[in-house]
Amino acid sequence: MGKKKLSLAGQIFIALVLAIIVGLLMGNHADIAKSYIKPFGTIFLNLVKFIVCPIVLFSIMAGILSMKDIRKVGAIGWKTVVYYLCTTAFAITIGLIVAYFAKGFFPVLSTSDLSYEAAASTSFMDTIVGIFPSNFLAPLVNANMLQIIVMAILIGFAVILVGEKASSVFTAVEHLNEVFMKVMELILKLSPIGVFCLLCPVIAENGAEIIGSLAMVLLTAYICYALHAIIVYSTTVRTMGGLSPLKFFKGMLPAMMFAFSSASSVGTLPLNMECTEKLGANRQVSSFVLPLGATINMDGTAIYQGVCAIFIASCYGISLSFSQMLTIVLTATLASIGTAGVPGAGMVMLAMVLTSVGLPVDGIALVAGIDRIFDMGRTVLNITGDASCAIIVSNLEKKREARKAMKKA
Ligand code: ASP
């Protein structure tokens, strides 16, 4: 009676703290955590992944249909892409500068006997070609976010162009969107349990000792993640988004904690949509900006790649020149477009960044053991960057509409 229900953010926070405590206590029984706790985390993540495709498809379509204007989609699109590219380039620059000055504190690990099998890399042009689907169902079956976005935009445009005759499709899309949003809401109610079951086995398996010699490299990456959030997102959200940074970060906490536990931007997408909407982002905008961001905008991953490049180079006794650093800024920004929003994807793309400046790909073996710990932080930054964009573009669109209305009046 009169009892206040704990907010979702509060529940997730408690789950996170419990997962760390229980994970540390289970250090000697990591196999039990892996066999009996992790599967429940996997079930939860599977449910989230199951709902992500229909949510992206129908929310983008519903967003486009409610705008009723193809040009408006273009206006949102270019603002989003420019913001994403600029913030990613800024992120990698911060990563390189801080790591350059911190490298004196980095351990110099032995590089003999290292081996890392890099995945076959795709060229930038292949990435572009891969955005366009060649089959109607494959994007949904393979959960290929960029292809789903293209599909949603094309069908959405077509419904607008067909007009009156397609009005039943218009209504159907709106209703389906409502239904899938409801399914998402139901699944998200389980997120505290999901967070606990995802994080606890990671802590039990990795424990405190694995961080050991790489503590300084990790610390550098986390300092850069924090700096980027504080400098870039605070400024952009305040100046262009018209929102206080404190309010922004507070509102984003549930999604940030979820990203930390799941290390997946795509998995965090439903919660990110909910958080940004509560912060005032327009659903039309966030339904387009967030799925795009979860696939192409990876500020945390870019920082991680910069810090690791400097660390690996220093282990090999190589000092990177200014032009090599510029190459890293460019390749890491492009690599982030091709990085999937799933755990560990950033490490795979690190191979491309290292190759671009002639560093040995085998060096990845130096950081591979604790990639998950890097990944948890970089995913938090990745999704926060997407959210900041949703807030900013929503605000800019609102102002544009207001200006248009004034002109008409
Ligand atoms: N796990 C990251 C994400 O989902 C990608 C990465 O591995 O850097 O955003």
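The values are calculated or read from the model by the stated rules, or taken from the named source; none is laboratory data. The structure presented is a predicted model; accordingly, all values stated were derived computationally and were not measured. Here the Cβ positions follow ideal geometry from the backbone for every residue, glycine too, while neighbour counts run over all protein chains shown.
Within segment 271-290, residues that are at positive phi and surrounded by fewer than 24 Cβ atoms within 10 Å (Cβ to Cβ) reach partners that are of a type in the set (S, T, N, Q) and part of a helix (DSSP H, G or I) with beta carbons closer than 8 Å, at six or more positions or on different chains, in the pairs Gly280/Ser394.
Scanning segment 72-88 for residues that are under 19 Å from Gly341 (Cβ atoms) and crowded, with 18+ Cβ neighbours inside 10 Å yields Thr80, Tyr83, Tyr84, Thr87, Thr88.
Just for segment 312-357: of the residues that are outside any helix (DSSP H, G or I) and within 16 Å of the ligand (Cβ to nearest atom), which one is nearest to Phe105 (Cα to Cα)?
Gly344
The residue pairs whose first member lies in segment 241-269 and is at negative phi and free of Cβ contacts under 8 Å to residues at least 24 places away in the same chain, whose second member is of a type in the set (D, E, K, R) and away from the ligand (no atom under 16 Å from the Cβ), and whose beta carbons are closer than 7 Å, counting only pairs six or more residues apart or on different chains, are Ser244/Arg238; Pro245/Arg238.
Annotation: of all residues in segment 225-272 being within 23 Å of Gly10 (Cβ to Cβ) and among the polar types (S, T, N, Q), the one that is nearest to the ligand (Cβ to nearest atom) is Ser264.
The rows are residues; the columns are (1) crowded, with 24+ Cβ neighbours inside 10 Å; (2) under 28 Å from Pro54 (Cβ atoms); (3) touching a Phe, Trp or Tyr at 6+ places or on another chain (Cβ under 7 Å).
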residue: Ile230; (1), (2), (3): no, no, no
residue: Pro254; (1), (2), (3): yes, yes, no
residue: Ala263; (1), (2), (3): yes, yes, no
residue: Ala302; (1), (2), (3): yes, no, no
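Among all positions in segment 393-403, there is at least one residue which is part of a helix (DSSP H, G or I) and surrounded by 22 or more Cβ atoms within 10 Å (Cβ to Cβ).
Filter segment 363-409 down to the residues that are closer than 23 Å to Ser244 by Cβ and among the basic types (Lys, Arg), then identify the one that is nearest to the chain's Cα centre (by Cα).
Here the residue is Lys398.
For segment 374-407, the set of residues classified as among the acidic types (Asp, Glu) and either modelled with pLDDT of 95 or more or within 16 Å of the ligand (Cβ to nearest atom) (or both) consists of Asp375, Asp386, listed by residue number. Summed over segment 29-71, residues that are under 16 Å from Ile149 (Cβ atoms), in contact with an Asp or Glu (Cβ under 8 Å, 6 or more places away or on another chain) and surrounded by fewer than 18 Cβ atoms within 10 Å (Cβ to Cβ) total 0. When you check Asp371 against the structure, is it within 13 Å of the ligand (Cβ to nearest atom) and under 27 Å from Ser110 (Cβ atoms), yes or no? For Asp371, the condition - within 13 Å of the ligand (Cβ to nearest atom) and under 27 Å from Ser110 (Cβ atoms) - is met. Quick check, is Ala294 away from the ligand (no atom under 16 Å from the Cβ), of a type outside the set (Val, Ile, Thr) and buried (at least 20 other Cβ atoms within 10 Å of the Cβ)? No: the conditions fail for Ala294. Ala204 fulfils the conditions (1) more than 19 Å from the chain's Cα centre (by Cα); (2) under 20 Å from Val266 (Cβ atoms); (3) surrounded by 16 or more Cβ atoms within 10 Å (Cβ to Cβ) except for a single criterion, (2). For the residues Ile193, Ile153, the requirement of being modelled with pLDDT of 90 or more and touching a helix residue (DSSP H, G or I) at 6+ places or on another chain (Cβ under 8 Å) singles out Ile193.
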